[in-house]
Amino acid sequence: QVQLVESGGGLVQPGGSLRLSCAASGSIFSINAVGWYRQAPGKQRELVAAITSGGTTNYADSVKGRFTISRDNTKTTVYLQMNSLKPEDTAVYYCNADLTQKGLPWAFDYWGQGTQVTVSS
């Protein structure tokens, strides 16, 4: 059993900052990559940022220079530092992990439950 739990969302004024956390737990053998996605009302879910097991990161053009993805030393918690937030960043943010469970020969995609981020004055 694997769980991804997000936290850190909330209401923030334009120009403010938030830090989201995604904690993976359970019977995990290896984590290949973790991504943060977001979905605004009426829009498709989009990739915001991702980090691979080797530490390579990539970002959507809309958040480059404002958001930073990182992880802790255990590599089971991934963070999304969001600075200079804009109203258009308002969405439900989801954590996604491509990981291999112990005892299984292949990787699966796992999703967290999502956390709401609202940027408004």
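What nm distance separates the two modelled labels at Lys43 and Ser84, each placed 7 Å from Cα along Cα→Cβ?
The two pseudo-label positions are separated by 1.7 nm.
Enter the accessible area per residue of the chain (Å², integer; probe 1.4 Å; all protein chains in place).
Per-residue accessible area for the chain comes out at 53 Å².
Each residue of the stretch 11-17 in order: what ³J(HN,Hα) in whole Hz does its phi give by Karplus 6.51 cos²θ - 1.76 cosθ + 1.60, θ = phi - 60°, with x for Gly and Pro?
9, 9, 7, x, x, x, 10
Any idea how far apart Ser62 and Gln113 come out in nm if each label point goes 7 Å out from Cα toward Cβ?
According to this spin-label approximation, the distance is 2.6 nm.
What fraction of the DSSP beta bridges in the chain is antiparallel, stated in percent and rounded to the nearest 5?
95
Using a 1.4 Å probe over the heavy atoms of the protein chains, calculate the carbon and sulfur portion of the accessible area of the stretch 1-64 as a whole percent.
That fraction is 49 percent.
If you take the Cα Rg of the chain and divide it by 2.2 N^0.38 Å, with N the number of residues, what do you get?
Its radius of gyration relative to the 2.2 N^0.38 Å reference: 1.04.
The values are calculated or read from the model by the stated rules, or taken from the named source; none is laboratory data. Model, not experiment: these values are computed from the prediction. Quick reminder, even Gly has a Cβ in these numbers, built from the backbone with ideal geometry, and neighbours come from all protein chains shown. Accessible surface is based on the protein model in full, side chains and every heavy atom, while ligands, DNA and RNA are left aside. Shrake-Rupley method; radii C 1.70, N 1.55, O 1.52, S 1.80 Å.
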